Amino acid sequence: VKDCFIKADKNQLEMLIFAVLKNAVEATQEIGTIKVSCEKENPNQRDLLKENIILEKEYICLTFTDDGSGMDNEVKDRIFEPFFTTRFEGRGLGMAAVYGIVKNHDGYIFINSKLGKGTIVRIYLPTIEKLNVPLLASDIIHPKKDITVLLIEDDEAVMHVTKMMLKRKGYT
């Protein structure tokens, strides 16, 4: 989104995006379609009334749409509960963490889903004026010479993304 800024922790946003995408991949069983978009947009009036929200700011909306298996109302009502999962394997922390990250950034999250029809996840984060803040040293990628990281993960998707992020940061 051009000329629009948010104040956010980049590591938490990476976790948020990964967790939502991981659920979408599982729901589409790796053969469906997942669309991710970002627009300057405020929540719709129906969602605002349902959550009793009064807007005081403008928002960026990060939207994840999939044509996967969708959720019934019982699952949708519990999706943000810690340790709730519909999978045999898994910890049930992904969407609970997403909810916490969104709330820590003064945002909102809404999920529309129908069983057999797919899911739409909308994450609203408040915009800010552009800050002329210099990059922190931690924002600049410096290769870490001679540092090897042992990565152990039982989820192949998590393993792959984590490995890619470590490589991008210069680790072996």
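The values are calculated or read from the model by the stated rules, or taken from the named source; none is laboratory data. For clarity, every value in this text was computed on a predicted model and none was experimentally measured. Neighbour counts run over all protein chains shown; Cβ positions are idealised from the backbone, glycine included. For the accessible areas, the whole protein counts, side chains as well, though only heavy atoms, and no ligand, DNA or RNA atoms are used. Shrake-Rupley method; radii C 1.70, N 1.55, O 1.52, S 1.80 Å.
Under 15 Å from the Cβ of residue 164, count the other residues' Cβ atoms, weight Lys and Arg +1, Asp and Glu -1, and hand me the total.
Numbers: positive: 22, 163, 167, 168, 169; negative: 14, 153, 155, 156.
So the surrounding residues net to +1.
Using 27 Å as the Cα-Cα cut-off, could you pick out the over-long pairs in 22/130; 76/167; 7/169; 35/76?
Numbers: 22/130 31 Å; 76/167 36 Å; 7/169 22 Å; 35/76 20 Å.
Beyond 27 Å between Cα atoms: 22/130; 76/167.
Where does the charge balance sit around residue 62 when Lys and Arg score +1, Asp and Glu -1, over other residues with C-beta under 12 Å from its C-beta? Display every interim value, and only then the final one.
On the way: positive: 35, 40, 122; negative: 39, 41.
Here the count lands on +1.
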Ignoring ligands and nucleic acids, residue 130 exposes an accessible area, probe 1.4 Å, in Å² to the nearest 10, of 130
Sorting 46, 122, 78 by accessible area (1.4 Å probe), largest first, what list results?
46, 78, 122
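Ranked by accessible surface with a 1.4 Å probe, highest first, in what order do 47, 9, 77 come?
Working: 47 0, 9 65, 77 120 Å².
In descending accessible area the options line up as 77, 9, 47.
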